[in-house]
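The values are calculated or read from the model by the stated rules, or taken from the named source; none is laboratory data. Small disclaimer: the values here were computed from a predicted structure and weren't measured. Cβ: placed from backbone, ideal geometry, glycine included. Neighbour counts: every protein chain shown.
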Amino acid sequence: MKLISPQEFTASRAWEALDIERFTGATTVRLHWTDQPYVWHVNDGAEVFVVLKGAVDMHVRQNGQVEVHALSEGDIFHAEVGDEHVAHPRGAARVLVIEAEGSI
C-alpha cells in the first residue's frame, strides 16, 4: 500500500512517469509530470487522461481540423482508438493516464 501525492511529484524530463499499476490485460496507470508538449499520436487502445495539477490544452485533430480543449485540474479527457491528439501543458502539470501498456 502506498500514498502518492501528485502535487509533490517531479521528474527529470517532460512526460517522465511514475508507474503506479499494471492490471491484468496490460492496462497501465501512470502519473506523468511535464512542462512540454507531447507529440501528435493515435493510441492503439482507449486512453483516459486526468489533469491532477496544472492546466493542459488538449489538441484534437479530426478530418484535418484541429480543436483545442482547455483542461483544468480535475478534468478528464477520453480518447478512443483512432482519436489523434496531443497534450500541451500550460506550465508544469501532473497528469494521470490510464491506457494499454506500451501506448505512446
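Kindly indicate the residue of segment 7-30 that is assigned to a loop (DSSP other than H, G, I, E, B) and touching an Asp or Glu at 6+ places or on another chain (Cβ under 8 Å) and also surrounded by the most Cβ atoms within 10 Å (Cβ to Cβ) among those meeting that condition.
Restricting to residues being assigned to a loop (DSSP other than H, G, I, E, B) and touching an Asp or Glu at 6+ places or on another chain (Cβ under 8 Å), the top hit is Ala14.
Name, by its number, the condition in (1) surrounded by 18 or more Cβ atoms within 10 Å (Cβ to Cβ); (2) part of a strand (DSSP E or B) that does not hold for Val60.
Status for Val60: all satisfied but (1).
The conditions are (1) modelled with pLDDT of 95 or more; (2) surrounded by fewer than 16 Cβ atoms within 10 Å (Cβ to Cβ); (3) small (Gly, Ala, Ser), and Ala93 fails exactly one of them. Which is it?
Of everything listed in (1) modelled with pLDDT of 95 or more; (2) surrounded by fewer than 16 Cβ atoms within 10 Å (Cβ to Cβ); (3) small (Gly, Ala, Ser), Ala93 misses just condition (2).
Show the residue pairs that are 6+ apart or on different chains and have beta-carbon atoms under 7 Å apart, the first residue being within segment 1-25 and farther than 15 Å from Val50 by Cβ, the second being assigned to a strand (DSSP E or B) and among the aromatic types (Phe, Trp, Tyr).
Listed pairs, sorted by first residue: Thr10/Trp33; Ala11/Trp33; Glu16/Trp33.
Please identify the pairs in which a residue from segment 43-67 that is farther than 28 Å from Gly25 by Cβ has its Cβ atom under 9 Å from the Cβ atom of a residue that is basic (Lys, Arg) and surrounded by fewer than 14 Cβ atoms within 10 Å (Cβ to Cβ), counting only partners at least 6 apart or on another chain.
Qualifying pairs under 9 Å: Gly54/Arg90; Ala55/Arg90; Asp57/Arg90.
For segment 64-83, which residues satisfy the criterion of being more than 12 Å from Val48 (Cα to Cα), not acidic (Asp, Glu) and not in a loop (DSSP other than H, G, I, E, B)?
Hits for segment 64-83 are Gln65, Val66, Val68, His69, Ala70, Leu71.
Across segment 39-57, which residue is nearest to Arg90 (Cα to Cα) among those that are among the hydrophobic types (A, V, I, L, M, F, W, C) and part of a loop (DSSP other than H, G, I, E, B)? Before the answer, list the steps.
Going through segment 39-57, the residues among the hydrophobic types (A, V, I, L, M, F, W, C) turn out to be 39-40, 42, 46, 48-52, 55-56.
Among the residues that remain, those that are also part of a loop (DSSP other than H, G, I, E, B) are: 39-40, 46, 55.
Values: Val39: 15, Trp40: 17, Ala46: 24, Ala55: 6 Å.
Among them, the one singled out is Ala55.
Are any residues in segment 68-84 surrounded by 15 or more Cβ atoms within 10 Å (Cβ to Cβ) and more than 19 Å from Val29 (Cβ to Cβ), and if so, which ones?
Asp83
Condition first: modelled with pLDDT of 95 or more and of a type in the set (Val, Ile, Thr). Now tell me which residues in segment 40-62 satisfy that.
Val48, Val50, Val51, Val56, Val60
So Gln36 ticks every box in (1) exposed (fewer than 11 other Cβ atoms within 10 Å of the Cβ); (2) in contact (Cβ under 8 Å) with a residue 12 or more places away in the chain; (3) polar (S, T, N, Q); (4) assigned to a loop (DSSP other than H, G, I, E, B) but one. Which box is left unticked?
(1)
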